[in-house]
Amino acid sequence: MDTSSPSAFVNGALLRRYIGQKVRTVIQVIGSDTGSVVGKSTDDLQIVVRGSSPPNPLTTYLEVIGIAESDNSIRAETWTNFGNSFDPQNFNELCKLANGEFKHMFI
Amino acid sequence: TYSNPKSLLKISLGFPIRELQKMFSSSQFEPNSAFSGGGFMSSQPSQAYESSSSAAKNREFQGLVPVTVKQITECFQSGGEKSGLVINGISLTNVSLVGLVCDKDVSKVTEVRFTLDDGTGRIDCKRWVNETFDAREMESVSDGTYVRLNGHLKTFQGKTQLLVFSVRPIMDFNQVTFHYIECIHFYSQNSESKGQQVGDVTQSVSTTFQGGSNTNQAAPLNPVVSSQNDGNGRKNIDDMILDYLKQPACTARQQGIHIDEIAQQLKIPKNKLESVIQSLEGDGLIYSTIDEYHFKHVEL
């Protein structure tokens, strides 16, 4: 077993705590360009995700795992389409819990 | 079916988690149908995860426990009992995880090996594929597939591995959110200290996860009590110990709290605690009670 490289659950506001570290989040896709996807975090902040080979086509929601580069951008290592009926509110609550009292269960 | 997934997961901390379990757990994992196809019989029968009250009362819990890899790495061997890891005083072997499949290895004919990465860690998995049912299920997953898997924890020569008996690709990604919330829920429902008698644990998650007031004889003992961890990192150990001992449930206990319990509840190794406890004693903030291992907070 190996817990050396966990990814922290983040939303827009939590991203800044993990700059330079591995994070995971789900965004609602607003637009995409070659090499980047712009999305809205589950707490309604804008996040830019850069990286090669995002899935094509993109569904409404997209999970990104990668390195936080700034308080609003991520360099993606893994992208997963999370479909069109994902509930961002629940995910947002999970982010808060996973960074609060229950953080030790995650990272 | 998930005709309206949005309405399914109304976790504004007010939605009974049993509803969620019914919607996701029962339709996703039917123990009977999972086993009827291939004739694979695990050495321990596993039931779908049911109400937490039965789980909490039964220390030899045979059902599926939703966990993160991080939780598995943190729990300790239950010495003396049959081989099994212990989380929150509950000996467990059957676990449920959600994560990404990596490094799938089909070089051996009788088994498929892979690693599951659930974002908190990675764990080695193995699935015997002697039966068509198992082989077919494994064909449907490949590297990068999000799966829900159920399996049996096995430790051999210090190495922990998951013997998987059920793997399903995730179709509705709300399940990913749900799984971690279920882990938190199970953990918070079952983090009682060892000596406490377990009463009726409330089923609904109408209480917030922070604070967690369940209906036990004594109030549950939370590792972190009041102030939120505002991203400043850990509180120092002194404060954690004092906060823990200051809880009404602790101050009510005449005999004091054993250092082992403090270590378990705060998830701090005992050796780290010992020196801090000595200095707290020296400062007159705590005192030892029935013996040198039990402590209480000095109330003024």
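We did not get these values from a lab; they are worked out from the coordinates using the rules stated. If you're wondering where the values come from, they're calculated on a predicted model, not measured in any experiment. Please note: Cβ atoms are built from the backbone with ideal geometry, for glycine as well, and neighbour counts cover all protein chains shown.
If each residue's Cβ is checked for other Cβ atoms within 10 Å, how do A:32, B:188 rank with the fewest at the top?
Numbers: A:32 16, B:188 25.
Fewest-to-most ranking of A:32, B:188: A:32, B:188.
Could you work out, residue by residue across B:176-188, how many beta carbons of other chains sit within 10 Å of that residue's beta carbon, and then give the average as an integer? Provide the component values of the computation, followed by the final result.
Values: counts 8, 14, 3, 1, 10, 7, 0, 4, 7, 2, 0, 3, 4.
Rounded to a whole number, the mean comes out at 5.
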Counting each DSSP H run of 4 or more residues in chain A as -39500 (n - 2.57), what helix-only mean residue ellipticity at 222 nm follows after dividing by all residues, to the nearest 500 deg cm²/dmol? -3500 deg cm²/dmol
At a threshold of 8 angstrom on Cα-Cα distance, excluding pairs fewer than six apart, so keeping six or more, what relative contact order does chain A reach in percent? 28
Taking the beta-carbon count within 10 Å as an exposure proxy, list A:24, B:253 from fewest neighbours to most. B:253, A:24
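In percent, what relative contact order does the range B:237-297 have, based on Cα pairs under 8 Å that are 6 or more apart in sequence? Provide the component values of the computation, followed by the final result.
On the way: 64 pairs, mean separation 24.8, N = 61.
Once normalised by length, the contact order is 41 percent.
Of the GluC sites (Glu not before Pro) in the range B:93-164, which ones lie in a loop per DSSP and count no more than 13 other C-beta atoms within 10 Å? List each step's numbers first, then the result.
On the way: sites: B:111, B:131, B:137, B:139; in loops: B:131.
Sparse-neighbourhood loop GluC sites (Glu not before Pro): B:131.
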To the nearest 10 degrees, how steep is helix A:88-99 against the longest Cα principal axis of chain A, on a 0 to 90 scale? 30
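Arrange the following residues from fewest to most other Cβ atoms within 10 Å of their Cβ: A:79, B:128. Could you put the intermediate results ahead of the total?
Values: A:79 20, B:128 17.
In order of increasing Cβ crowding within 10 Å: B:128, A:79.
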Residue-wise HN-Hα coupling along the range B:133-143, computed from phi with Karplus coefficients 6.51, -1.76, 1.60 (Hz; x: Gly, Pro): 4, 5, 4, 5, 5, 6, 5, 7, 10, 9, 3
Report ³J(HN,Hα) in whole Hz for each residue of the range B:171-186, in order, from the Karplus equation J = 6.51 cos²θ - 1.76 cosθ + 1.60 where θ = phi - 60°; Gly and Pro get x. 9, 10, 6, 5, 4, 5, 4, 4, 4, 5, 5, 5, 4, 4, 4, 4
Note on the range B:237-297: alpha-carbon gyration tensor, axes a ≥ b ≥ c; rule is a/c under 1.5 for rounded, else prolate if a/b larger than b/c, else oblate; result rounded
